[in-house]
Amino acid sequence: NQEFYYANIRKYIIYKLRDIGFNIQKITSDQYQSLEFHQSLKDNNFQTELLSVDRDLNPYLQLKEMIASERLVYPSHPIFLKELKELELIKGRKVDHPHNGSKDAADATCAAVTTCAADTSQDLVIL
């Protein structure tokens with residue numbers, strides 16, 4: 001587990017994207033420890049939301065269905081694809097990574113798909 005700094009995410013990713021013209025509608029994170037992150041973004045007129053894809057299977061079931069039905073266009077990133085292939089269903093209730101594996105890219109993609117699908121009437125999501 002590597003530590004990262006929320007201030008750098010705001011400064012070098014979110015604010016920079018906004019400043020070059022990206023229309024960022026919502027920013028989600030899955031950690032309750034991110035209170036300051038959310039407060040700072042709200043102070044800068046961003047809509048934020050806590051979203052965890054670990055609490056139930058629905059976000060991953062939605063991701064799986066969108067990939068299978070070809071309603072999701074996504075980059076062919078090797079880490080993301082590796083994580084997807086290695087995901088495990090634990091006791092029929094939780095999607096997790098194998099021992100010494102990861103699922104950060106898969107979780108981030110899953111959260112983006114969940115957010116986009118909930119906030120749009122479009123039938124196709126492009127990441």
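The values are calculated or read from the model by the stated rules, or taken from the named source; none is laboratory data. Worth saying up front: this structure is predicted, and the values here are computed from it rather than measured. For neighbour counting, all protein chains shown are included, and Cβ atoms are generated from backbone atoms with ideal geometry for every residue, glycine included. We work out accessible area using only protein heavy atoms, side chains counted, and drop any ligands, DNA or RNA first. Shrake-Rupley method; radii C 1.70, N 1.55, O 1.52, S 1.80 Å.
Just checking the listed ones, K103, K91, K64: in the Gaussian network model of the chain with Cα springs under 10 Å, the one fluctuating most is K91.
Charge dipole of the range 5-122 (Cα centre as origin; +1 on each Lys and Arg Cβ, -1 on each Asp and Glu Cβ, all else neutral): 100 debye, rounded to the nearest 20.
Under 5 Å between amide hydrogens, built in the peptide plane, is the criterion, and for D30 it picks out L51 among residues at least 5 positions away or on other chains. Values (i) 8.3; (ii) 8.7; (iii) 6.7 are given for comparison; mean projected area of the Cα convex hull in nm², derived from the coordinates here, is the one labelled (ii). Annotation: amide H-H contacts under 5 Å for T48 (H modelled 1.01 Å from N, sequence separation of 5 or more, or interchain): I27. With protein chains left intact and a 1.4 Å probe, residues in the chain average 71 Å² of accessible area per residue. Backbone geometry of the range 40-48 corresponds, through the Karplus equation with coefficients 6.51, -1.76 and 1.60 at θ = phi - 60°, to 3J(HN,Hα) couplings of 4, 5, 4, 4, 9, 6, 9, 8, 10 Hz, x marking Gly and Pro.
For the range 1-97, carbon and sulfur atoms together expose 52% of the accessible surface, with a 1.4 angstrom probe and every protein chain in place.
Once the Cα-Cα distance is subtracted from the 0.36 nm per residue extended length, the K16 to R55 segment shows a gain of 10.9 nm. Couplings for the range 97-112, taken from phi via the Karplus curve 6.51 cos²θ - 1.76 cosθ + 1.60 with θ = phi - 60°, read 9, x, 3, 6, x, 8, 8, 5, 5, 5, 4, 4, 5, 4, 5, 5 Hz in order; Gly and Pro are left as x. Remark: the range 15-30, residue by residue, has Karplus-estimated 3J(HN,Hα) of 5, 5, 4, 4, 5, 9, x, 6, 8, 7, 8, 7, 10, 10, 8, 10 Hz, where x stands for each Gly or Pro and the curve is 6.51 cos²θ - 1.76 cosθ + 1.60 at θ = phi - 60°. Between H99, H38, H77, the Gaussian network model of the chain with springs among Cα atoms under 10 angstrom shows the greatest mean-square fluctuation at H99.
Between L89 and T48, the contour length at 0.36 nm per residue exceeds the Cα-Cα span by 11.9 nm. Taking 0.36 nm per residue of sequence separation and removing the Cα-Cα distance, the I67/N8 pair yields an extension gain of 18.1 nm. Taking each of K26/K94; K64/K85; K64/K91; K11/K82; K16/K42; K11/K42 in turn, the alpha-carbon distance tops 20 angstrom for K26/K94; K11/K82. Computed about its Cα centre, the charge dipole of the range 1-47 is approximately 200 debye, with only Lys, Arg, Asp and Glu carrying charge at their Cβ.
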